[in-house]
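Below is one structure, written out as structure tokens, with a few remarks after it.
The values are calculated or read from the model by the stated rules, or taken from the named source; none is laboratory data. Everything quoted here is computed from the prediction, not taken from an experiment. Cβ placement follows ideal geometry from the backbone for every residue including glycine, while neighbour counts extend to all protein chains displayed. Note: areas computed on protein heavy atoms with side chains; ligands, DNA, RNA excluded. Shrake-Rupley method; radii C 1.70, N 1.55, O 1.52, S 1.80 Å.
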Amino acid sequence: MRARPTRRDALRAATLAALPAGALAQTAWPNRTIQIVVSYAPGGTGDLFARLVAERLRAPLGVNVVVENRSGAAGAIGTQAVARAAPDGYTLLLGQAPEIAIAKSFVPNLPYDPARDLAPVALIGNAALALVVNAATPYSSVADLVAAARERPGQMTFASSGTGTPGHFAAETLALRTGTRMVHVPYRGAGPALTDLLGGHVDFFFSGMPAAVPHVREGKLRLLAVSTARRTPGSPETPTVAEGGIPDFDFSLWGGLFAPAGTPPAVIERLNTEVNTILRDPQMRGRLVQEGSDVQETTPAEFTGFVGREVAKYARVIEATGVKPD
């Protein structure tokens with residue numbers, strides 16, 4: 001029995017039907033404003049990635065490129081809007097781990113399927129999480145933190161930017177791998193979490209590097225490790241959590257460009273080429289490294305493979321930790 005066509009399918013068919021064969025190559029794409037949707041409020045890592053790229057896409061594409069923040073439902077509202085948009089290259093998504101890789105296994109009744117409804121275009125940044133503690137604590141390494149958690153079972157607390165975020169799963173994995181019991185304290189974003197960490201109300205936090213580093217430089221927080229598999233170029237002296245004794249530990253705040261499924265391959269290839277050209281610019285690379293991000297060029301196929309590995313990784317993490325949505 002064939003599935004009934006969705007509104008997205010109808011839009012896609014109408015868009016493609018309006019063009020004769022090979023018309024994309026003959027049509028002046030783009031010829032109007034391109035919109036990049038970010039599924040969270042301004043100020044986050046993904047928002048930064050989107051704005052850096054949008055600013056630099058305007059000249060080579062010859063049109064205005066704007067960023068629109070559509071927050072809500074843990075990223076589902078903005079992501080669904082792009083998944084249902086016409087696949088014409090004018091509505092794009094700055095997709096991140098929560099709504100792309102985590103939601104697939106974590107969110108019941110997800111109103112979109114990332115693999116079916118979205119086409120990966122290019123990875124923009126892959127930023128490390130900073131494992132930070134209040135500088136007034138005696139902890140100077142991952143081993144110190146774990147030892148204290150073992151001495152205080154069920155009393156060590158960790159902040160997160162919200163349930164089901166990469167930082168939340170990083171901390172839950174740390175507890176699981178070390179056989180310790182820790183208490184999760186979720187917040188609505190990194191700002192409130194850092195405020196309570198600075199105030200001594202929670203013990204540690206896997207924070208985005210850009211938000212944490214200023215407090216580290218001021219001597220208010222201590223950076224124990226980064227969450228990625230390898231050290232970050234922006235802080236090469238900081239060890240990884242894996243180097244601290246937790247093997248195969250790799251969590252990050254990545255962000256990349258996605259288009260609605262069915263977007264013509266020529267559009268995706270053009271966008272991929274322009275994004276990679278932007279990433280080669282020394283000023284752009286320097287800015288991303290400064291924000292704690294690893295920079296690597298990807299083809300659409302390579303980015304698709306990266307996303308698939310992230311989906312599989314979080315499926316294993318969600319099953320192993322037993323974390324449930326709020």
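Observations on the structure shown:
- In the elastic network of the chain, a GNM with C-alpha springs shorter than 10 Å, the most mobile of Asn134, Asn31, Asn272 is Asn31.
- Label positions at Glu55 and Ala312, each projected 7 Å from the Cα along the C-beta direction, are separated by 3.8 nm.
- Distance between the range 101-139 and the range 258-326 - C-alpha centres, whole angstrom: 11
- Kirkwood Rh in Å, taken over all unlike Cα pairs in the chain: 20.5
- Relative contact order, whole percent, for the chain stands at 25, derived from Cα pairs under 8 Å and 6 or more residues apart.
- Residue-wise HN-Hα coupling along the range 111-116, computed from phi with Karplus coefficients 6.51, -1.76, 1.60 (Hz; x: Gly, Pro): x, 8, 10, x, 6, 8
- Rolling a 1.4 Å probe over the protein heavy atoms gives the chain an accessible area of 44 Å² per residue.
- Highest-MSF residue in the chain out of Leu92, Leu110, Leu271 [GNM, Cα springs under 10 Å]: Leu110
- Karplus-derived HN-Hα couplings along the range 168-181 (A = 6.51, B = -1.76, C = 1.60, θ = phi - 60°), whole Hz, x at Gly and Pro: 5, 5, 4, 5, 5, 5, 4, 5, 4, 5, 9, x, 10, 10
- Inter-site label distance for Ser71 and Arg188 at 7 Å from Cα along Cβ, in nm: 0.8
- Label point 7 Å beyond Cα of Gln290 along Cβ direction - residues of the range 127-161 with amide nitrogen under 18 Å: 127-128
- Projected label distance in nm at Thr299 and Ser140, using a 7 Å step from Cα toward the beta-carbon: 4.9
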